[in-house]
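Scroll down for the structure; my scribbles are underneath it.
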Amino acid sequence: MSGKLSSSNESATIRDAMSKTSSVAASGSKGDPDVILVTLVPEKKGLFLKHSEYEISSRNYKCSVARRYNDFVNLHNLLVTRFPYRMVPRLPPKQLMLDSLLEERRRGLQRWLKIVSRHPIIGSGSLLRNFLTDSSADHQEHLRELFNSEPDEFSTLSEEVELPLEDQGRLASNREIMRTMLNAVTRLKKFIDQQVARSSGKSKDMEDISSILKLLSSSDRVFTFDTFTDMTRGFHEVAKITEKSAVTLESAISERFNMLLDVLTAHSDLCDRVEKGIVAEHQRALTKMLTLNKQKMKGVIRGTAADNVAALHEKEVAQTGVVGTLGRRSAFSLQCVLQETSLAQEYLQALPSIILAFCNEQNLCNSRAAEIWKEILHAEAKRLNQ
């Protein structure tokens, strides 16, 4: 079997990678190593269709570049090819050219770049650096020329690096835990979205009531001029407070949930990619090797011609080499998944503060609205007592 496998001690290289993954993930959850902003440039009209362009600025590289959605697709494909056993988030879907959807996609692209740039392996690589700094007109083609032929991460690993034995049970256990986390965060995000909708609906209702009261105030034959003045103003103020809260919930708190969902979905995609890819390929290779061995043994027992037995032996030896190579790659992929699980779990440490921020926003909104209701009651009680 090619390479070395160790069941007891990981190599220094793997330990260093694990340490780097955890430490960078922790710092990423507390502050950006690079501040990357994605700004939507006003629509540009092509010969037949309009297209959107994004200005991407990086604080670390002190530069700005113009990119289109297809440039992100190109980068995503290159990253998955170069780092097949790392979390590469999904890109936001390509949508119709509606203002609300364009802003949603812009936020999605900014989250995507933030997650990629925070990654301890991908974020420090030349592939992302080139994407953030190359301002040439043919930057997409240039990126493909530079990195299309580059080997993937495993292929650059030294044969001397020891890898732990495969532990698919540990992989399954970690995946189940992260699947539970994904389901929980998805449900929490749904409740936040519902609260945004309720707040927006309540704001509209309060504004409608204010408008109706204002209309009633104009009927001076039925009511005195100032009958609904304080209530009209009060309902309007409550509408503004509630709408501001809805905006905060959507732009800040909901967006932080989106970040967690992007990471957890990327982890789920990675597990699928590894299980259906290299792990399954390794198992097929093992099955083929065992089949060849059985055929050879049957040939020896039955006295099959020596040439045929020798041919089967050669095939078995060659297949053993394939199994060894795939086994080492499979072990590397599973080790990467464990590292990426640690990284995803570091992101999850932000969940308590996100929920606390939601509680704080609800408290502020309700407190401010309560003050307005008290002012209305006080003003109306005073007016009625006059």
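Numerical summary
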item	result
C-alpha long axis of helix 306-348 to longest principal axis of the chain, angle in °	20
Between 0 and 90°, nearest 10: helix 280-302 axis offset from the chain longest Cα axis	20
Whether the range 126-203 is rounded, prolate or oblate, judged on the alpha carbon gyration tensor where a/c under 1.5 counts as rounded	oblate
Share of Cα-Cα pairs in the chain lying beyond 37 Å, as whole percent	43
Computed E for Arg284/Leu338 - FRET, C-beta separation, R0 22 angstrom, nearest 0.05	0.40
Accessible surface, per residue, of the chain when the full set of protein chains is kept, probe 1.4 Å, Å²	55
Bridge type composition, the chain - antiparallel percent by DSSP, nearest 5	80
Amide H partners (placed H, <5 Å) of Glu162, local residues excluded	Ser11
Crossing angle, helix 12-30 versus the chain [Cα axis fit, 0-90 degrees, rounded to tens]	10
Sequence-separation-based contact order of the chain, relative, with Cα cut under 8 Å and 6+ spacing, percent	24
Shape call, the range 207-337: gyration tensor on alpha carbons, a/c limit 1.5	prolate
Segment Ile177-Asn148, extension gain: residue separation times 0.36 nm, minus the distance between their alpha carbons	6.9 nm
The chain - mean residue ellipticity at 222 nm from DSSP helices (-39,500 (n - 2.57) per run, n ≥ 4, rounded to 500)	-24000 deg cm²/dmol
Rg/Rh for the range 91-157, where both radii come from Cα atoms and Rh is the Kirkwood radius	1.05
Cβ-based net charge around Asp193, under 12 Å, with every Lys or Arg adding one and every Asp or Glu removing one	+2
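The values are calculated or read from the model by the stated rules, or taken from the named source; none is laboratory data. Quick caveat, the model's predicted, so the values are computed rather than measured. Because the Cβ atoms are built from the backbone with ideal geometry, glycine has one as well, and the counts that use them run over all protein chains shown. Heavy atoms of the whole protein, side chains included, go into the accessibility calculation; ligands, DNA and RNA do not. Shrake-Rupley method; radii C 1.70, N 1.55, O 1.52, S 1.80 Å.
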